[in-house]
Amino acid sequence: MEFEQSLSLNATSADVMAFVQGTIEGERNRVATLANISAILNQYLSRINWVGFYLRAFGATQLILGPFQGLVACTRLSIGEGVVGQAAVRGETLVVANVLEFPGHIACDSQSRSEIVVPIHSGGQIVAVLDVDAPELDRFHASEKNLLEAVGRLLGENWGLMTDF
Ligand code: SME
């Protein structure tokens with residue numbers, strides 16, 4: 001699929017999904033695909049300071065930093081630890097309106113005030129999470145949740161087809 005290098009200023013979430021779909025169809029390598037998807041989301045989502053992936057090796061109890069856009073981040077998070085690790089335990093999206101009030105929140109970027117974490121499921125396992133941080137309180141609502149969950153579902157469906165190299 002041919003697609004333009006960047007989203008237009010008036011892009012919709014449907015345009016984002018078309019870009020994400022095109023990215024998945026156009027490249028089988030997992031890191032390359034996740035890198036471009038983090039760039040697409042960073043371009044589309046306003047008022048955020050971090051977007052990216054944490055990846056879980058099969059059966060592992062740790063999540064390891066994957067492709068992202070934003071400041072240098074924590075490289076390893078235990079399942080159950082922080083917002084990311086809690087979303088992985090629960091297996092469902094976690095929206096935190098005020099991270100300062102979330103017990104165990106891990107501040108990789110001290111500017112972060114709200115956060116959404118979407119687990120990615122494949123083959124009955126959590127294989128990764130998609131994490132987005134914002135420097136303002138209560139940044140994430142239904143529209144962002146719906147979009148990020150759709151991205152997570154598409155990635156989960158294609159996870160096993162993607163290659164490490
Ligand atoms: N805040 C996360 C850690 C990851 S960074 O936001 C990139 C957490 O509490 O799990």
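Key figures for this structure:
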item	result
Sulfur and carbon atoms: percent of accessible area, the range 1-100 [1.4 Å]	52 percent
Förster radius 25 Å - calculated FRET efficiency between residue 32 and residue 100 (Cβ-Cβ, nearest 0.05)	0.10
Prolate/oblate/rounded call for the chain, Cα gyration tensor, a/c under 1.5 rounded	oblate
Whole-angstrom gap from the range 89-165 to the range 30-58, using each part's C-alpha centre	10 Å
By average C-beta atoms within 10 angstrom, highest first, the peptides 42-48, 157-163	42-48, 157-163
For peptides 32-39, 21-28, 82-89, sequence by mean Cβ density within 10 Å, most packed first	82-89, 32-39, 21-28
Spacing of the two label points (7 Å from each Cα toward its C-beta) at residue 150 and residue 14, in nm	0.9 nm
Protection proxy ranking of 131-138, 58-65 - average other beta-carbon atoms within 10 Å, highest first	131-138, 58-65
Relative contact order (percent, whole number), the chain, Cα cutoff 8 Å, 6+ residue spacing	22 percent
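The values are calculated or read from the model by the stated rules, or taken from the named source; none is laboratory data. Everything numeric here is computed off the predicted structure, so don't read it as measured data. For neighbour counting, all protein chains shown are included, and Cβ atoms are generated from backbone atoms with ideal geometry for every residue, glycine included. Ligands, DNA and RNA are excluded from the accessible area calculation, which covers all protein heavy atoms including side chains. Shrake-Rupley method; radii C 1.70, N 1.55, O 1.52, S 1.80 Å.
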